[in-house]
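Let me begin by presenting the structure, written as structure tokens, before commenting on it.
Bear in mind these aren't lab numbers, they're just calculated from the coordinates by the rules spelled out. Keep in mind that what you see is a predicted model, and the values were worked out from it rather than measured. Here Cβ is always computed from backbone atoms with ideal geometry, including for glycine, and neighbour counts include all displayed protein chains.
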Protein chains: 2
Amino acid sequence: MGNKEKGSNAERELIHAFWAKQWTACRVAGSGSMKYPSPDIIANRQGINLAIECKATNSKYQYLEKREVEELVAYAQIAGARPLVAVRFFRKEWRFLNPEDLSDSGKNLSVTQELSESKGITFEELIKL
Amino acid sequence: MGNKEKGSNAERELIHAFWAKQWTACRVAGSGSMKYPSPDIIANRQGINLAIECKATNSKYQYLEKREVEELVAYAQIAGARPLVAVRFFRKEWRFLNPEDLSDSGKNLSVTQELSESKGITFEELIKL
């Protein structure tokens, strides 16, 4: 399974999880011709607005481009949303991290499974916020 | 230009208009495999959340399926968003209507240009709310 397909499956999985808990969740259409910053998923419940960048990996590290995360944060600031990076490692559950909790290796941002578990919250914790 | 293409162009046009006024606006990815209700566009600014169904027409009437509008309202209730139907008639500006202001012809909902102008607000009015 390619990275793109894996990404789409991961997004769908999260969207189902939100709806199952009476949240709305929408996949944002690929930026393509539009050049505006946008998250992968927008999830809402009664005035709570989450802007989520969504990654699933079979590796030990998940890398994110700085530009990608900066755009997530920029989007969230204008929208009044909370920016979150959702990461799922192989056979582990989703963890939701604040952008500032990612490791900055200079060129990229990254997260290990260990970091995701020490800094990230679970889905169950997230939806109780 | 087909209805589908016209619809996409109309959505893009509205998205540009929101970003130009320091709102975020995202096109929601086609429901396709996901069966959850969702609007065409989600527009946000600092805690304001708009769920928009978007229509442009060269006809005198714009019809909407009842199911389509019911889903918009259902989505908005869960999300804590304001549901709006955006309609643009040929060479006219966008008008934003509350779902309950559409005409109910029994089978469908509809809006004429006259109704859009008497009940709907303009984009400039909308973004000042």
* Asked: Any idea which of B:74, B:79 is surrounded by 21 or more Cβ atoms within 10 Å (Cβ to Cβ), of a type in the set (Gly, Ala, Ser), within 24 Å of residue A:14 (Cβ to Cβ) and free of Cβ contacts under 8 Å to residues at least 60 places away in the same chain?
  -> B:79
* Asked: Of the numbered conditions (1) charged (D, E, K, R); (2) touching a Gly at 6+ places or on another chain (Cβ under 7 Å); (3) farther than 24 Å from residue B:17 by Cα, residue B:95 satisfies every one except a single condition; which is it?
  -> (3)
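Every residue, every condition in (1) of a type outside the set (Asp, Glu); (2) more than 9 Å from chain A (Cβ to nearest Cβ); (3) more than 19 Å from residue A:83 (Cβ to Cβ), yes or no:
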| site | (1), (2), (3) |
| --- | --- |
| B:21 | yes, yes, yes |
| B:29 | yes, no, yes |
| B:37 | yes, no, yes |
| B:42 | yes, no, no |
* **Filtered residues of the stretch A:44-71 (kept if within 14 Å of chain B (Cβ to nearest Cβ) and either crowded, with 18+ Cβ neighbours inside 10 Å or under 17 Å from residue A:8 (Cα atoms) (or both))** => A:44, A:45, A:49, A:50, A:51, A:52, A:53, A:54, A:71
* Can you tell me which of B:100, B:68 is free of Cβ contacts under 8 Å to residues at least 24 places away in the same chain and more than 23 Å from residue B:27 (Cβ to Cβ)? -> B:100
